[in-house]
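Structure record follows, encoded as C-alpha cells.
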Amino acid sequence: MTRTPHIFFHVQHLLGIGHMKRAEAITAASLAKGCNVTVATGSGRVPFLNRDITPVALPDLKAEDISFSTLVSPTGDPLDPSFWDDRAQRLLNGFVTAQPDILVVEGFPFARRRFRHELLPIIDHARSHDIPVICSLRDIIQPKGKPERLQEVVNWLNSRFNAVMIHGDPSLVTLDASFPPIDEIQPPLIYTGYVNQGDSEPYDQSPLKEQRTEIVVSAGGGAAGRALYEAAIAATKIERNPDILWRILIGPYGDNPIQAIDRTNLVIEPVRNDFQKLLENASLSISQAGYNTCVDLFRAKTSAILIPAAEGGQLEQTIRAELLAQFPGFSAISEDSVTAETLSEAVYKSLNSKKEIAFPQVDLDGANRTVDILTAIVRGGVEDAVTYGLG
C-alpha cells in the first residue's frame, strides 16, 4: 500500500485538556503528512480539534472530580445504561462508515476502563477486518494497585492490540516506571518521543514588550489548580524579590481564586496565546507536572518548581515531578505541603541557586514520528514501524 493512510482516533476528554491537546497535535501532524483523519470523541469537544478532520460526535461526559471514579453528563447528571449503549452504537457506526486503515485508541486498556463497552466492539471489528489496533499512551500512567487489574491490561493488550505507542523518550523514563509487568506485554512498545503541541500552535516569536523579570504560574487547563493558585497569590506577599512580577495564568477550566486584587508585583489573567513565549522569557515557572506542561518546559528550558496534582490518589504527576527534580533547574513540592512559605522559600532558592542548570535532553518530535509509525504499520506492518521508534 502506497497511499496515505486513513487514521481513526478515539480520544475522550474527562477533566483536564492534556489528552485533547496531544490528540490535536497528532492529528495536525497527520493532516500535514496527507493522511485522512477521523476522530471520535465527546460531541462538545469536537470543535476543539482541527476542523479538517472527520468527526464522530459521541454523547459527551466528564469526570465528576480528579479521582475519575465517577463519570457524569456535562451538566452533572448520572449516566444510565442507555447512555453507554448510545455511545457504543454511534462509535461502531462511525468506524464502519469511515473504513479506516488503522485504529488508534488513546489510553485504553491502561486507562479509560469504563469505556471498554464501546471500545471492545470496534477493536474486535477492526481485528476481524485485519485493521491494526494501536494503543496511544503518554509517558507515565496512573499506577494500578490491584494485581488483577494489571493482568487484565496485559490480557487485553496481548489478545487485541498490534502495538503500543508511548509518547515519551526512553532516555528519560520507560513504561515500567508506572506499569511494572512490561515483560508480559507481547505487542511491541514503540517510543515516539514527546508530542510537542507547539508544532501545531505557531506563535509570534518577536520579542516581548514586557522586559520585567517574571515568574509565570500556570496549571494547564486549570481544573485542579486552585491550591497552586492560592499558594502563589499568598507567596507574592512575602517580599523576598520585590522587583519580580508574578504572572498567574488561569486555565480555561480553572476558577480565579481572587476576584479583585491590587498589587504591583502580581498579574492574574487568563492563559494567553503567547504562553510559550512568556515561559521562555520567564526567570522561573511554577506549575503542576502534567504531560503537556512538562513538554512546554522542555521546549522553553526555563527553571521550574513543580507542584504535582495528587488529589484523589493520582500519582502520575508525582512520578514525573520526582523524576524531573533530579535535574538542576527543577524542584518539586507536594500538593499537600505547598503553602505561601514553602513556595516562597523554593522560589528564593531557585532564583539564587549557583548550580548550573541542566534540562532533560529528550526528543520532542513525537507528533511527526507518531504519524510515521502509523503509516509504516499500515504499509508494511509492525516490524517496519519499530524502526521509526526511539530506544
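Here is a check on your reading of the model: is Asn196 touching a helix residue (DSSP H, G or I) at 6+ places or on another chain (Cβ under 7 Å), open to solvent by less than 30 Å² (accessible area, probe 1.4 Å), closer than 20 Å to Ile26 by Cα and among the polar types (S, T, N, Q)? For Asn196, the condition - touching a helix residue (DSSP H, G or I) at 6+ places or on another chain (Cβ under 7 Å), open to solvent by less than 30 Å² (accessible area, probe 1.4 Å), closer than 20 Å to Ile26 by Cα and among the polar types (S, T, N, Q) - is met. The set of residues in region 317-336 that are in contact (Cβ under 8 Å) with a residue 40 or more places away in the chain and touching a Ser or Thr at 6+ places or on another chain (Cβ under 7 Å) contains only Ile319. When the test is whether a residue is among the hydrophobic types (A, V, I, L, M, F, W, C), open to solvent by less than 50 Å² (accessible area, probe 1.4 Å) and not in a helix (DSSP H, G or I), Ile319 does not pass it.
For residues that are open to solvent by less than 80 Å² (accessible area, probe 1.4 Å) and not acidic (Asp, Glu), tally how many sit in region 77-92. Matching residues across region 77-92 total 8. The condition (being within 21 Å of Ile250 (Cβ to Cβ), crowded, with 16+ Cβ neighbours inside 10 Å and out of contact with any Asp or Glu (no Cβ under 8 Å at 6 or more places or on another chain)) is satisfied by just one residue among Ala289, Ala309, Ala325: Ala289. It is to be established whether one or more residues within region 363-380 are under 20 Å from Ser283 (Cα atoms) and open to solvent by less than 40 Å² (accessible area, probe 1.4 Å). No: zero hits.
The residues of region 361-391 that are in a loop (DSSP other than H, G, I, E, B) and more than 19 Å from Ala25 (Cβ to Cβ), listed by number, are Gln361, Gly381, Thr387, Gly391. Considering region 142-193, and only residues there that are of a type in the set (Val, Ile, Thr) and open to solvent by 10 Å² or more (accessible area, probe 1.4 Å), the residue that is farthest from Val382 (Cα to Cα) turns out to be Val173. Only a single criterion out of (1) farther than 20 Å from Ile373 by Cα; (2) aliphatic (A, V, I, L, M); (3) modelled with pLDDT of 55 or more is not satisfied by Ile190, namely (1).
Scanning region 43-66 turns up no residue that is at pLDDT below 70, open to solvent by 50 Å² or more (accessible area, probe 1.4 Å) and among the hydroxyl-bearing types (Ser, Thr, Tyr).
Conditions (1) at pLDDT below 85; (2) farther than 30 Å from Thr70 by Cα, marked per residue:
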residue	(1), (2)
Gly220	yes, no
Ala235	no, yes
Leu245	no, yes
Leu249	no, no
Ile258	yes, no
Asp262	yes, yes
Glu280	no, yes
Pro308	no, no
Gly312	yes, no
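Return yes when Glu118 is under 30 Å from Thr4 (Cβ atoms), open to solvent by less than 40 Å² (accessible area, probe 1.4 Å), acidic (Asp, Glu) and more than 18 Å from the chain's Cα centre (by Cα) and no when it is not. Criteria met by Glu118. All conditions but one from (1) without any contact (Cβ under 8 Å) to a residue 40 or more places away in the chain; (2) open to solvent by less than 40 Å² (accessible area, probe 1.4 Å) apply to Pro100; the one that does not is (1).
The values are calculated or read from the model by the stated rules, or taken from the named source; none is laboratory data. Note that this is a predicted model, so its numbers are computed, not measured. For neighbour counting, all protein chains shown are included, and Cβ atoms are generated from backbone atoms with ideal geometry for every residue, glycine included. The area values use the complete protein model at the heavy-atom level, side chains included, leaving out ligands, DNA and RNA. Shrake-Rupley method; radii C 1.70, N 1.55, O 1.52, S 1.80 Å.
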